[in-house]
1. Among the candidates Val58, Val76, Val103, Val64, which residue alone is assigned to a helix (DSSP H, G or I) and in contact with a helix residue (DSSP H, G or I) (Cβ under 7 Å, 6 or more places away or on another chain)?
2. Report the residue count in the stretch 27-71 for those that are closer than 28 Å to Asp14 by Cβ, surrounded by 14 or more Cβ atoms within 10 Å (Cβ to Cβ) and free of Cβ contacts under 8 Å to residues at least 60 places away in the same chain.
3. Among what's in the stretch 1-26 and is among the polar types (S, T, N, Q) and assigned to a helix (DSSP H, G or I), pick the residue that is surrounded by the fewest Cβ atoms within 10 Å (Cβ to Cβ).
4. Please find, within the stretch 72-113, the residue that is surrounded by the fewest Cβ atoms within 10 Å (Cβ to Cβ) out of those that are under 30 Å from Ser42 (Cα atoms) and hydroxyl-bearing (Ser, Thr, Tyr).
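The values are calculated or read from the model by the stated rules, or taken from the named source; none is laboratory data. Everything numeric in this text was worked out from a predicted model, so none of it was measured. Neighbour counts are summed over all protein chains in view; Cβ atoms, including those assigned to glycine, are modelled from backbone coordinates with ideal geometry.
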Amino acid sequence: MPTLQQQQARSRQDRLLRRTAGVCLALLVPLAVAGLLVVGGSDRAAGCVEQGEGCSSVSGTWIVLAFVAAVVLGAVAALWPEDYLPFGRARFWLVGLQVAATVAACALLLSYA
């Protein structure tokens, strides 16, 4: 049986992870907009749109899938009740996967530049 101090420490860590997931969710859209601005202003993107040359070999589907994965993982990490998590470190792993999906989405988006 965990002591009161252990329960309080676990609750603080859980709140911190929920906040982290929320911050990552809030930053996802500005990161995507900034990436689109960078990509849209590049010569390679202009050549791809105007002449069909120099287009990226990365499929747009992968970018959308990474973006959706980041949103879903972040929503689950931020909103899922602590009592229903399958194991103690589940929220930690969800936040880590959310960050990885966000980085992947931004990297794939920037590969068009």
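1. Numbers: Val58 fails: assigned to a helix (DSSP H, G or I); Val103 fails: in contact with a helix residue (DSSP H, G or I) (Cβ under 7 Å, 6 or more places away or on another chain); Val64 fails: in contact with a helix residue (DSSP H, G or I) (Cβ under 7 Å, 6 or more places away or on another chain).
That would be Val76, the only listed residue that is assigned to a helix (DSSP H, G or I) and in contact with a helix residue (DSSP H, G or I) (Cβ under 7 Å, 6 or more places away or on another chain).
2. Within the stretch 27-71, residues that are closer than 28 Å to Asp14 by Cβ, surrounded by 14 or more Cβ atoms within 10 Å (Cβ to Cβ) and free of Cβ contacts under 8 Å to residues at least 60 places away in the same chain number 5.
3. Within the stretch 1-26, the subset among the polar types (S, T, N, Q) is 3, 5-8, 11, 13, 20.
Of the ones still in play, those that are also assigned to a helix (DSSP H, G or I) are 5-8, 11, 13, 20.
Details: Gln5: 8, Gln6: 10, Gln7: 11, Gln8: 11, Ser11: 11, Gln13: 14, Thr20: 19.
The qualifying residue surrounded by the fewest Cβ atoms within 10 Å (Cβ to Cβ) is Gln5.
4. Ranking the candidates gives Ser111 first.
Each row is one residue, and each column tells you yes or no for (1) on the phi > 0 side of the Ramachandran plot; (2) over 10 Å from the mean Cα position of the chain (by Cα); (3) modelled with pLDDT of 90 or more.
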position	(1), (2), (3)
Gln7	no, yes, no
Gln13	no, yes, no
Gly41	no, yes, no
Cys48	no, yes, no
Gly60	no, yes, no
Val64	no, yes, yes
Val68	no, no, yes
Val76	no, yes, yes
